[in-house]
């Protein structure tokens, strides 16, 4: 009777511990699991409870004890291997996963997890296991993502897109694969198609600096400046001092002929940039010219030429700013003649020659008057 009573008490303790675990009361569950006489039989439950609490060291210790008691339990070994990998014990995880692959080399999850662990070890054979996972299960979304991402990194766009199509055929709203699809088209410079898939990410509730800045650039490439501005402003919400986004936003406003905002964002970009480039100063100078802010344009374009004296556009826009800033016709004529002498190979020299002729005629006519 004592033996029966004790056995029933143990069953009762185990049921209570299982109930506490099931309801999320993990600390109390551990207390009751530890009251079970056959400790080896409950080490897995204790390990899972510690894991749920975030106590990974204790979970690892309990998993190890459970596996020592049940060395042939493949599910236990698999869970332990995944925990080892997630806690950066990659070599130990690799050893267990290789054992599992030997027992069942058609299990896609064994290959996938081994691939992830090998990837953390910078082992190039990781991709072999992702492909074996895919061969065993061609709907394995995580394996497809790994393969497609690697192909994208190698700029093998068509192959990457083929795998992405297979993945999306079985799960059309896989955000990671949709993102890869958008990036493939982006790097292929098919900006219309790329925009379509970045828009899909937004429809699915995704929002990030990367998505908005990339989509904004796609719109810019097809002169959709209004939408480019919308995306540029959203991108800046993540990083208000991002040089590239500020300057592209300025360009988008320039495309809308909203020159005050174009000047605002280009100037902000150049204030942030530690080593500004002459192209950015040149673009700002052009915007200032369009607003008839010739004095400011002259200062900005001189900075551009200080950085790069061979910038043809900066040379020409500076001439235009000076011509409009100075009213005297003879001063304007001298500016053009000096420009021709100084920059004889400038691609705008044909315009300068024509304008020199026009200025001389105007000076002559004014002299007759």
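The values are calculated or read from the model by the stated rules, or taken from the named source; none is laboratory data. As the structure is a prediction and not an experimental result, all values here were calculated from the model. Virtual Cβ from ideal backbone geometry, glycine too; neighbours counted across all protein chains shown.
Of all the residues in region 336-359, those that are assigned to a helix (DSSP H, G or I) and closer than 13 Å to residue 320 by Cβ number 5. In the set (1) at pLDDT below 85; (2) surrounded by 19 or more Cβ atoms within 10 Å (Cβ to Cβ), the condition left unmet by residue 336 is number (1). Out of the residues in region 301-319 meeting the condition of being touching a helix residue (DSSP H, G or I) at 6+ places or on another chain (Cβ under 7 Å) and part of a loop (DSSP other than H, G, I, E, B), tell me which one is surrounded by the fewest Cβ atoms within 10 Å (Cβ to Cβ). This residue is 308. Under 7 Å by Cβ, and 6 or more places apart or on different chains, what pairs join a residue from region 114-137 that is farther than 14 Å from residue 101 by Cα with one that is outside any helix (DSSP H, G or I) and modelled with pLDDT of 95 or more? Final answer for the pair search is 134/140. Considering only region 154-161, I want to know if a residue exists there that is modelled with pLDDT of 95 or more, surrounded by fewer than 18 Cβ atoms within 10 Å (Cβ to Cβ) and more than 20 Å from the chain's Cα centre (by Cα). Yes: region 154-161 contains one or more residues that are modelled with pLDDT of 95 or more, surrounded by fewer than 18 Cβ atoms within 10 Å (Cβ to Cβ) and more than 20 Å from the chain's Cα centre (by Cα). If the condition is being assigned to a helix (DSSP H, G or I) and out of contact with any helix residue (DSSP H, G or I) (no Cβ under 6 Å at 6 or more places or on another chain), then region 53-69 contributes 56, 57, 60, 61, 64, 68. Being at negative phi and surrounded by 15 or more Cβ atoms within 10 Å (Cβ to Cβ) narrows it down to one of 187, 197, so name that one. It is 197.
Where helices (runs of 4 or more DSSP H) sit wholly within region 211-300, those with at least 3 residues that are at pLDDT 90 or above and either within 25 Å of residue 316 (Cβ to Cβ) or touching a helix residue (DSSP H, G or I) at 6+ places or on another chain (Cβ under 6 Å) (or both) occupy 225-238, 243-255, 259-272.
Filtered by the rule that a residue be under 19 Å from residue 131 (Cα atoms) and in a loop (DSSP other than H, G, I, E, B), region 70-119 gives 104, 105, 106, 107.
Only a single item in (1) loosely packed, with under 15 Cβ neighbours inside 10 Å; (2) in a loop (DSSP other than H, G, I, E, B) is not met by residue 135, and it is number (2). Scanning region 206-223 for residues that are under 14 Å from residue 254 (Cβ atoms) and surrounded by fewer than 20 Cβ atoms within 10 Å (Cβ to Cβ) yields a single hit, 223.
Scanning region 28-47 for residues that are touching a helix residue (DSSP H, G or I) at 6+ places or on another chain (Cβ under 7 Å) and either assigned to a helix (DSSP H, G or I) or buried (at least 19 other Cβ atoms within 10 Å of the Cβ) (or both) returns 28, 29, 30, 32, 33, 40, 42, 43, 44, 45, 46, 47. Of all the criteria given as (1) exposed (fewer than 14 other Cβ atoms within 10 Å of the Cβ); (2) at pLDDT below 90; (3) farther than 27 Å from residue 257 by Cα, the one not satisfied by residue 359 is (1).
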